[in-house]
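Below is one structure, written out as structure tokens; the observations come after it.
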Amino acid sequence: MLIGPTASGKSTLAKAVYFFRSLGEHLGDELVLTGRRETPEVKIKNLVMRVIRFRFVRFWGVSKVKDNTIINYLSDKGSEVTISYKKTGLKITFNEKLSAGLDELQEIYDSSIAKLKGEKSEEKHGRNSLQFRVTIRQHLIGLFGSNWAIYIPAGRNAVSLLPSFLENLIRRYETATRVSQLESNPALIDDTLAEFYEAILFRVKPVFEEGIEGFLKRLRLTPRGVKLTDKFNELWGYSNSILKGDFRLENETDKIYYKADEFVKLPFASSGQQEAVWILAVLLVMMRADRNLFIVIEEPEAHLFPDAQREITNFISYFFKNTKCQIIIATHSPYILSSANNLMLASIQGKKHPEKVSKIVPEDFWLDPNRVACFFLENGAMRDIVDRQLGMIKVEEIDKISSTIIKEFDELDELGEVKI
């Protein structure tokens, strides 16, 4: 979790991590598309550099980046990428592990393409194509980590309010296919919002076309889905509690039903519902995947009453416990941190008093302190605010702003009796 004052760098840091953690997925897409062309030959390292350069400009432009900026990323797989930016251009370097891994990927790619070209049987060609996609993606996971990354940005209610406008913007944005075009035509839309909208359009909304019943029916078609059905039902009920209604997609229209036959269209729902619905829907869809997931959630508290902030923290923790995932939360809210602290304390106390704690906080929400980190960003620096001995976020850090407000009140109150 990341917390800090406005413009302290929380989103920039989260976006930078997402940039690298999503590289494997984007490279996989590029290689699969290239493999389908009539001339599929490609130099993998050149492609990687091209994708990094292209996405760098899409994410940050060039006018926003300071001269002599260096970004160094070391994945948990040992792969290291360094991007150096000067006004003369970008320089991209790999460490030995990543360089060797890309050389190995080149060999896999070349041999797979040769095999596909030589296969005359349509059935075998189809099987080999599938194996090619799986092998390429698995190798990239080994280099970069997660194979499904998603950034849930602040301002996500634009998906609810302006879907047609967003779609037109993204189409215009996608026409810029070269770095030079993007440099001469500044970004029309933040890239994380564009990618998020595409995920909503193609991965999330189709799941809800038949409502939750259709969703659960399809879920039961897989062995993992059968195991998860009860958890999904519980999580869906919890999402309804947060939304104060049941989210459905009917006739290509997003709706929240608050009674069996009464609903509000999402563009006319409350701003809190418009913000929260996409966090809940995305996590429900992603929970089906038995894959390494990486998720960034900006401001999960947006437009929510404090009690709903507690509930959405519980929801995220439930998802976290039941998937193979890493999550970054960028927040301004002490309620989010306090709620997370309660879940961490529940996990600690639950080891001694499981039944008593479960009556206060259901076990599915307990948060293992060993899997949690929390940093305060301020003045270009970042410090850990978790007390590792207690296994909790330091209370004084959460209460710091409240203490300032209380101190100010006390000073005013000391001036004498208030009369109006």
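At a Cα cut-off below 20 Å, give the aspartates and glutamates reachable from Lys407, other chains included and same-chain residues fewer than 8 away excluded.
Counting by Cα, and skipping residues close in sequence, Lys407 has these aspartates and glutamates nearby: Glu396, Glu397, Asp399, Glu417.
Please work out, to two decimal places, the log10 of the ratio I(q)/I(0) at q = 0.23, 0.25 Å⁻¹ from a Debye calculation in which every Cα of the range 248-307 carries one identical scatterer.
Log10 of I(q)/I(0), two decimals: -1.05, -1.11.
Aspartates and glutamates near Lys86 by alpha-carbon distance under 12 Å, same-chain residues fewer than 8 away left out - which ones?
Straight-distance partners of Lys86: Asp67.
Over the chain, calculate the relative contact order: mean separation of alpha carbon pairs under 8 Å at least 6 apart, over the residue count, as a percent. Walk me through the numbers on the way to the answer.
Working: 529 pairs, mean separation 77.8, N = 420.
Over the chain, the number comes to 19 percent.
Would you mind counting up the charge near Ala281? Only other residues with Cβ under 11 Å from its Cβ, with Lys and Arg at +1 and Asp and Glu at -1.
In short, +3.
Under a Cβ-Cβ cut-off of 13 Å, what is the net charge of the residues other than Tyr335 that fall near it, where Lys and Arg count +1 and Asp and Glu count -1? Please list the in-between numbers first.
Numbers: positive: Arg310; negative: Glu299, Glu301, Asp307, Glu311, Asp399.
Cβ neighbours under 13 Å give a net charge of -4.
Give the ranking of Leu74, Leu193 by solvent-accessible surface, highest area first, calculated with a 1.4 Å probe. Each step should come with its number before you reach the end.
Working: Leu74 110, Leu193 30 Å².
Reading off the accessible areas and sorting them downward yields Leu74, Leu193.
The range 278-420: percent of C-alpha pairs farther apart than 21 Å? Provide the component values of the computation, followed by the final result.
Numbers: 5248 of 10153 pairs.
Every Cα pair in the range 278-420 considered, those over 21 Å come to 52 percent.
Starting from the Cα-Cα distance between Lys43 and Arg371, subtract it from 0.36 nm times their residue separation and give me the gain in nm to one decimal. The partial results should precede the final answer.
Numbers: separation 328, 0.36 × 328 = 118.08 nm, distance 3.86 nm.
Taking 0.36 nm per residue and subtracting the Cα distance, the gain is 114.2 nm.
So, for the chain, what is the accessible surface per residue at a probe of 1.4 Å, expressed in square angstrom?
Values: 22490 Å² over 420 residues.
With the other protein chains kept in place, the chain gives 54 Å² per residue.
Taking the alpha carbon gyration tensor of the range 265-339, what are the square roots of 5 times its eigenvalues, largest first, to the nearest whole Å? Don't skip to the answer; put the middle values down first.
Values: eigenvalues 87, 50, 19 Å².
Its equivalent ellipsoid spans semi-axes of 21, 16, 10 Å.
Whenever you get a sec, compute what percent of the accessible area on the chain sits on carbon and sulfur atoms (1.4 Å probe). If you can, show how the numbers build up before the last one.
Working: 11840 of 22490 Å².
C and S fraction of accessible area: 53 percent.
Rounding to the nearest 10 and keeping the result within 0 to 90°, find how far the Cα-based axis of helix 44-60 lies from the longest principal axis of the chain.
Approximately 40 degrees, to the nearest ten.
Kirkwood Rh over alpha-carbon pairs of the chain, then Stokes-Einstein at 4 °C and 1.567 mPa s: what D in µm² s⁻¹, rounded to an integer?
Details: Rh = 23.9 Å.
This corresponds to a translational diffusion coefficient of 54 µm²/s.
How far, in degrees from 0 to 90, does helix 122-144 lean away from the longest principal axis of the Cα atoms of the chain, to the nearest 10?
50
Fully extended, how many nm does the chain gain between Lys97 and Val264 (0.36 nm per residue separation, minus their Cα-Cα distance)?
54.8 nm
Once the Cα atoms of helix 23-35 and of the chain are each reduced to a long axis, what angle between those two axes, in degrees from 0 to 90 to the nearest 10, is obtained?
So the helix axis and the longest Cα principal axis differ by about 30 degrees.
What order do you get for 77-89, 44-56 when each peptide is scored by the mean count of other beta carbon atoms within 10 Å, highest first? Before the final figure, lay out each step's value.
On the way: 77-89: 14.9, 44-56: 17.2.
Per-residue Cβ counts within 10 Å, averaged per peptide and sorted highest first, yield 44-56, 77-89.
What FRET efficiency comes out for Lys231 versus Arg133 if R0 is 35 angstrom and r is the Cβ-Cβ distance? Round to the nearest 0.05.
Working: r = 29 Å, r/R0 = 0.83.
Working from the Cβ atoms, E equals 0.75.
Distance from the Cα centre of the range 1-73 to that of the range 254-321, in angstrom?
Centre-to-centre (Cα) distance: 27 Å.
Within the chain, what percent of beta bridges assigned by DSSP are antiparallel, to the nearest 5? Mind showing how you got there, number by number?
Working: 27 of 42 bridges.
Bridges in the chain are about 65 percent antiparallel.
R0 = 35 Å: FRET efficiency of Lys359 with Gln389, Cβ-based, nearest 0.05? Walk me through the intermediate numbers first.
Values: r = 27 Å, r/R0 = 0.77.
It comes out at approximately 0.80.
Need the list of lysines near Lys259 for cross-linking: C-alpha distance under 30 angstrom, and skip anything on the same chain fewer than eight residues off.
List returned: Lys205, Lys217, Lys227, Lys231, Lys244, Lys359.
Using helices alone, I'd like the mean residue ellipticity at 222 nm for the chain: each DSSP H run of four-plus residues gives -39500 (n - 2.57), total over residue count, nearest 500. Each step should come with its number before you reach the end.
On the way: 17 runs with 223 residues, N = 420.
Estimated from H runs of four or more residues: -17000 deg cm²/dmol.
Can you give the net charge of the other residues whose Cβ lies under 12 Å from the Cβ of Pro300, counting K and R as +1 and D and E as -1?
On the way: positive: Arg156, Arg310; negative: Glu275, Glu298, Glu299, Glu301, Glu311.
Result for the neighbourhood of Pro300: -3.
Would you please classify the overall shape of the range 190-277 from the alpha carbon gyration tensor, given that a ≥ b ≥ c denote the square roots of the eigenvalues, rounded means a/c under 1.5, and beyond that prolate means a/b larger than b/c while oblate covers the rest?
Details: a/c = 1.73, a/b = 1.20, b/c = 1.44.
Oblate is the answer for the range 190-277, as a/c is 1.5 or above yet b/c matches or exceeds a/b.
The values are calculated or read from the model by the stated rules, or taken from the named source; none is laboratory data. No experiment lies behind these values; they were computed from the predicted model shown. Methodologically, a virtual Cβ is constructed for each residue, glycine included, from the backbone with ideal geometry; neighbour enumeration extends over all protein chains shown. For the accessible areas, the whole protein counts, side chains as well, though only heavy atoms, and no ligand, DNA or RNA atoms are used. Shrake-Rupley method; radii C 1.70, N 1.55, O 1.52, S 1.80 Å.
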